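Enquirer: My structure is below; once you've seen it, I'll send some questions.
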Amino acid sequence: MIQIECPFCGKRDQSEFSYGRESQITFPALNADENSWYDAVFLRKNTYGRQIETWQHTHGCRSWLLVERDTVTHKIFSVKLAHTDWQKQIKKTT
Amino acid sequence: MNPLRKKNQSRTDNVEENVIFFFWNNKKYFANKGDSIAAGLLANNQYVIGRSFKYHRPRGIMSAGVEEAGALVTIGNGAYTEANVRATTTELTQGLSVYSQNAWPSVKFDIGSILNVLGRFFAAGFYYKMFMGIPPFEWGRGTKIWMFFEYFIRKAAGLGQSSRLPDPDCYEHMHTHTDVLVIGTGPAGLQAAISATEEGKDVLIVEQDYAIGGSYLSQPDTVELETQIEVLKKLRVTILTRTTAFGLYDDKTVGLVQVMPAKEYKTSSKKPRQQFNICRAEKIILATGAIERSYAFINNDLPGIMSVSAARTYLNRYNLLLSKNIVISTNNDSAYETAIELENAGATITILDAREQIGNKLLRQIAGSRINLHLGSGVVKAEKGLNTSSIGKIKLVEFANNKWRYAGNLSCDCLLISAGWSPVIHLASHQGYPINWNEENACFLSSGDNKSIFLIGSARGIWTKAGCIQSAKEIFQYNSRKKHKPSTVIGGWETPLAPLYEICLHNIKGKAFVDPQHDVTSSDIRLAYQEGFISVEHMKRYTTLGMATDQGKMGNIIGLALMAEALNCSISEVGVTRFRPPYTSISLGALAGRNRQSHFKPIRRTPFNNFSIQNKGVMINAGLWQRPWYYPMESESLEAAYIREATVTRRSLGICDVSSLGKIIIQGPDSTEFINRVYTNPFSKLPVGKARYGIMLRDDGLVFDDGTTWRLSENCYLMTTTTDNASSVMARLEELLQVRWPDLSVQVTSVTEQWGGCALAGPNSRNLLTKIIDDPSEISNESLPFMGIKQVLMQNVPCYVARISFSGELAYEIYIPSDYAQSMMEFIWENGQKFECCLYGLEALGTMRIEKGHLTNSEIDGRVTIQDIGLSKMASSNKDYIGKVLKNREKLTDSDRPQLVGIFPKDKNKTFKAGALLNEAGYLNGHPLGWVTSVTYSPALGHWIALGFITGGLAYVKDKNIVLSDELRSNFLDVEIVSPQMYDPEGLRLHG
Ligand SMILES: [Zn+2]
């Protein structure tokens, strides 16, 4: 029953969001070798504690977010837009 | 026991308007307004309430609160029946029907009590052992003997019976946000609410009882309580009674359920029966009180044995003196106050205190009374009275030379027990806050996190009222940035209690109950120890201790203590099981709220929905969508209808609602590049005004979705997706653009609901189109070739027409703005009458696509590669796209992977179903060669056909005899494996 502070919509119930994946995964180039694609698709850190992960505000503004969350306590430390340019724009306007 | 209603008391005067009637097992009785069911029954001398779970022993009222393990009743009639209601916490209302449960033929004489005599068979682990068979030959090992006993056990065990009728009540959900949530309205809770409000906080205070006051209600006078309530009213604090905080969840969320009194829902009122309230608070204060414990001695479950605090509640809150002659067995100071009050009310009191010494203050308090005090004393056995099922006599013990020894008998028709108090730390435990055993006060304590979750009052282990109130004030007297360090001292009795969990003597035998609701005895705990189930979690499951509806509120600690004794260690070393929500049982109706039946899931209707229903369309659920399934003429069956619809469509013309397909607008300078990365086939050379079929893979190389994408202009596309995957494709594209490729300048927008899609299929489709669009020259074969798209005017409304075919016929899809969809469809249908024309539904659509070997989610089920579905030529080698690398993994490129094929029965009269397996003749056992995914009768071919997957595909099985086997329906037939394009493989009909 956590709440996530969406940069656009404010503090919203977790039921409006869907979990994406661990954000530390970097997807290789589309023509990269099989091993690097294998790592990106199948290997997970499965962090015990603080990690940054992606969530989408599915039933809201539909932004993809970077959420820093403790996987044990569910405490959320920070939320920002995943799209780097949008991040900058939102900073300029505020 | 002979409970008496005291006269001339101010709280519930016996004046007529305060008297209500109710029915107990269909007999009419009278009680006072404000009585609980238990109080009403006691006032009428009804104290054998039910029979116990396993041994069917008579059970009475053991408490006055939520910990009640004996007095469970059924209330209401018919559909309003509610089983397993605690008599001690449910308010009696005018005319309420109350029934005893788990007793046949009556509570006084019960057939099942024969099980009591056979008790040794029903000790802990009985069920498990029965599976292992009866020694010495393990007779009946396995299920046979279990089945034999089960018949009798099922008849006898269990609690109340619920109604099998649909629940006629309505339930509500709501969300509450508040600064401070206080749980409990005793001295600590009320003070906390007042202090928080005075600090300027927004406060909500909840109480599970139907009256405000907690332990205040059990005091002889209510002056203090009334003063505090006045203050709260002045401060305008919201107070919710009948509201249980049943669970504490992440992020300071509390689940509350408010239960309306019975009289509300007996009427035809549409008011909700219960309200499920999700409350979020900045601070949560648990003033949840403490529960008085009993201890194990033989027959400690007899009616007439109750907790000391319960007797105090019945005396002061309900004006009921339980008996003229009361024995109190205790090990702590808390019982003395009640003893004095009971004596003042006219009872003769004997106190058996397990301690050998008590403090001077306590001695002075009782000095002036006629209370008989026995120090170093307790009860080893209770016995039934003559001609009654309740207590009549007790066997006493005294403590000498460090052990108990028998000290004679005492006649007694009401025995009150206080063996210490267990703070209600359940909610703190739900969130995993540490729980520690406090040796001095013999209880588990928790202190929350002292930042946002606080425990105060007796829930913190503070036994004095002044201490409880002080602990509430303290929370708001510190700088909120610092961590709270409570100063109030835990405990507060003059003399510490003497730990007391069981009294037994080896020469006095019988059942001593630890968990009276589940009939778990002290010897069951010892048996668990003997058989090695020594961890708390094992002991709990082996004996079922604490697994009944009361969740072991009274018995758990006794069980732990007995296990600690057997293991020769301390209780803290045995540990405690983590409490799980709900604190008290809550109804499923409250959790479901209004999300029932048709409101269980949202319903999506296409813009043509009304048109379909007006034209007798039978609708079917497709995900959340309601889609037309078939359009029966007169009394036509589904089979007759879809065969007619497919036949008419192939012969002349059919019209179908395809609005539920996902529609996504993709715009921006990089949109072509984006689509190229998403689809396996190239899109860069797709000209404006044309559509192309595309396949999308997942990162792992398996097929994700398929659909057509239309190039509307240089930098604008319309992508269509399957109905099932519409939302996941959309989320996927958004993820790619926002997270993975933020450098691409592309916007995606879902327009699924903006357009109604209608397919016109069949040789006459162009002829119809010519009649309905404003400029027919735009859709000639030359200006709109196969896979061409065009914006046209229809009745002056801009629509899109695409020459796309899912049926294999000459066909068009018209996309109409949703607002015009209904009238436009009527217009199309009217013009369609100039030809042989029908409406066709999902079933006929499926038939025609199977005939053509087109795919749906039955085939693209998340496990197939692009080669498996025979589309490897759509995987471009000249560009990079998602899934390109991993689709080439070794096992995904094996030539013996199951591949898409068509299936014909050799005997053309035979039918079969999807899900059947495909085997080589003579090898019906073991791993099959393949399976059937979609089946239909083909009107075009005149027999049943199917799509399916088979190892190695058509090439591998070409010369083999293949048998289709459906073991469940005993259907076995020889089949012919053919190409999946079963009808018009050259695609001649497409071009009209
Ligand atoms: Zn948002």
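The values are calculated or read from the model by the stated rules, or taken from the named source; none is laboratory data. Note that the coordinates shown come from a computational prediction; the quantities given were computed from them, not determined experimentally. Virtual Cβ from ideal backbone geometry, glycine too; neighbours counted across all protein chains shown. Accessible surface is based on the protein model in full, side chains and every heavy atom, while ligands, DNA and RNA are left aside. Shrake-Rupley method; radii C 1.70, N 1.55, O 1.52, S 1.80 Å.
Enquirer: For chain B, just the Cα atoms, rotate onto the principal axes and tell me the three extents in Å, largest first.
Expert: Here the Cα extents, ordered largest to smallest, are 115, 74, 55 Å.
Enquirer: Once the Cα atoms of helix B:726-735 and of chain B are each reduced to a long axis, what angle between those two axes, in degrees from 0 to 90 to the nearest 10, is obtained?
Expert: Approximately 90 degrees, to the nearest 10.
Enquirer: What is the list of residues in the range A:11-37 whose amide nitrogen lies under 15 Å from a point 7 angstrom out from the Cα of A:S78, following Cα to Cβ?
Expert: A:23-24, by backbone N distance to the label point.
Enquirer: What's the extension gain from B:R889 to B:L363 if we count 0.36 nm per residue and subtract their Cα-Cα distance? Don't skip to the answer; put the middle values down first.
Expert: Values: separation 526, 0.36 × 526 = 189.36 nm, distance 8.59 nm.
Contour length minus the Cα-Cα distance gives 180.8 nm.
Enquirer: Long-range amide H contacts for B:G870: which residues qualify at under 5 Å (H placed 1.01 Å from N, peptide plane, sequence gap of 5 or more or a different chain)?
Expert: Amide H to amide H, under 5 Å and 5 or more residues apart or across chains, B:G870 pairs with B:L900.
Enquirer: Non-local amide H neighbours of A:K75 (under 5 Å, H modeled in plane, Pro and chain starts lacking H): which ones?
Expert: The list, which skips near neighbours in sequence, is A:D70.
Enquirer: Continuing with this model, one more query. Could you compute the FRET efficiency for B:A640 and B:H927, with r as their C-beta to C-beta distance and R0 at 51 Å, rounded to 0.05?
Expert: Values: r = 39 Å, r/R0 = 0.76.
Calculated transfer efficiency: 0.85.
Enquirer: Hey, another quick one. GluC sites (Glu not before Pro), restricted to the range B:938-992: which are DSSP loop and have at most 16 other Cβ atoms within 10 Å?
Expert: Counting only loop positions with at most 16 other Cβ atoms within 10 Å, the GluC sites (Glu not before Pro) in the range B:938-992 are B:E986.
Enquirer: Round to the nearest 0.05 the FRET efficiency obtained for B:F21 and B:A79 when R0 = 30 Å and r is the Cβ-Cβ distance.
Expert: FRET efficiency, B:F21 to B:A79: 0.85.
Enquirer: How much length would be gained if the chain were fully extended between B:D221 and B:T647, taking 0.36 nm per residue of separation minus their Cα-Cα distance, in nm to one decimal? If you can, show how the numbers build up before the last one.
Expert: Details: separation 426, 0.36 × 426 = 153.36 nm, distance 8.66 nm.
Full-extension gain reported as 144.7 nm.
Enquirer: A further question on this structure: State in Å² the accessible area per residue of chain A; use a 1.4 Å probe, count heavy atoms of protein chains only, and round to the nearest integer.
Expert: With all protein chains present, chain A gives 59 Å² per residue.
Enquirer: Another question, if that's okay. Give me the number: length gained by fully extending B:S487 to B:E398, i.e. 0.36 nm times residue separation minus the C-alpha to C-alpha distance, one decimal in nm. It would help to have the intermediate numbers written out before the result.
Expert: Working: separation 89, 0.36 × 89 = 32.04 nm, distance 3.86 nm.
This chain segment gains 28.2 nm when fully extended.
Enquirer: With a ≥ b ≥ c taken as the square roots of the eigenvalues of the C-alpha gyration tensor of chain A, please select rounded if a/c is under 1.5 and otherwise prolate if a/b is larger than b/c or oblate if it is not?
Expert: Because a/c hits 1.5 or more and a/b fails to exceed b/c, chain A counts as oblate.
Enquirer: Express the C-alpha Rg of the protein assembly as shown as a ratio against the empirical globular expectation 2.2 N^0.38 Å, rounded to two decimals.
Expert: Rg over 2.2 N^0.38 Å, computed on Cα atoms: 1.19.
Enquirer: Just to confirm the filter: which chymotrypsin sites (Phe, Trp or Tyr not before Pro) across chain A are DSSP coil and have at most 14 other Cβ within 10 angstrom of their Cβ?
Expert: A:F8, A:Y48
Enquirer: So what's the gap between the Cα centers of the range B:503-518 and the range B:730-752, to the nearest angstrom?
Expert: 69
Enquirer: Can you give the FRET efficiency for B:K324 and B:D251, using 1/(1 + (r/R0)^6), R0 = 56 Å, r = Cβ-Cβ distance, to the nearest 0.05?
Expert: Approximately 0.55, to the nearest 0.05.
Enquirer: Roughly how many whole Å is it from the C-alpha centroid of the range A:15-94 to that of the range B:892-925?
Expert: Measuring centre to centre over Cα atoms gives 44 Å.
Enquirer: Among B:N715, B:T672, B:I882, which residue has its Cα furthest toward the positive end of the charge dipole of the protein assembly as shown, with +1 on Lys/Arg Cβ and -1 on Asp/Glu Cβ?
Expert: The listed residue farthest towards the positive side: B:I882.
Enquirer: Of B:M174, B:M730, which has the most accessible area and how do the rest follow, probe 1.4 Å? Each step should come with its number before you reach the end.
Expert: On the way: B:M174 70, B:M730 15 Å².
From most exposed to least exposed: B:M174, B:M730.
Enquirer: Same structure, new question: For the range B:424-446 and the range B:205-258, what is the centre-to-centre distance using only Cα atoms, to the nearest Å?
Expert: Centre-to-centre (Cα) distance: 22 Å.
Enquirer: Go through B:K201/B:K234; B:K6/B:K33; B:K451/B:K540; B:K324/B:K395; B:K324/B:K553 and tell me which ones have a Cα-Cα distance over 23 Å in this structure. Walk me through the numbers before you get to the answer.
Expert: Values: B:K201/B:K234 14 Å; B:K6/B:K33 15 Å; B:K451/B:K540 33 Å; B:K324/B:K395 20 Å; B:K324/B:K553 29 Å.
In this structure, B:K451/B:K540; B:K324/B:K553 lie more than 23 Å apart at Cα.
Enquirer: Given the pairs B:K663/B:K873; B:K873/B:K913; B:K913/B:K960; B:K361/B:K381; B:K771/B:K834, which span a C-alpha to C-alpha distance of over 20 angstrom in this model? Show your work: numbers first, answer last.
Expert: Details: B:K663/B:K873 25 Å; B:K873/B:K913 31 Å; B:K913/B:K960 22 Å; B:K361/B:K381 31 Å; B:K771/B:K834 10 Å.
In this structure, B:K663/B:K873; B:K873/B:K913; B:K913/B:K960; B:K361/B:K381 exceed 20 Å between Cα atoms.
Enquirer: Given labels modelled 7 Å from the Cα in the Cβ direction, how far is it in nm from B:D819 to B:F786?
Expert: 3.8
Enquirer: Still on this structure: Roughly how much accessible area, to the nearest 100 Å², goes out of reach of solvent when B and A pair up, both sides summed, probe 1.4 Å?
Expert: Buried area (both sides, nearest 100 Å²): 2400 Å².
Enquirer: Give the lysines whose C-alpha is closer than 21 Å to that of A:K45, dropping any in the same chain fewer than 8 places away, or say none.
Expert: Counting by Cα, and skipping residues close in sequence, A:K45 has these lysines nearby: A:K75.
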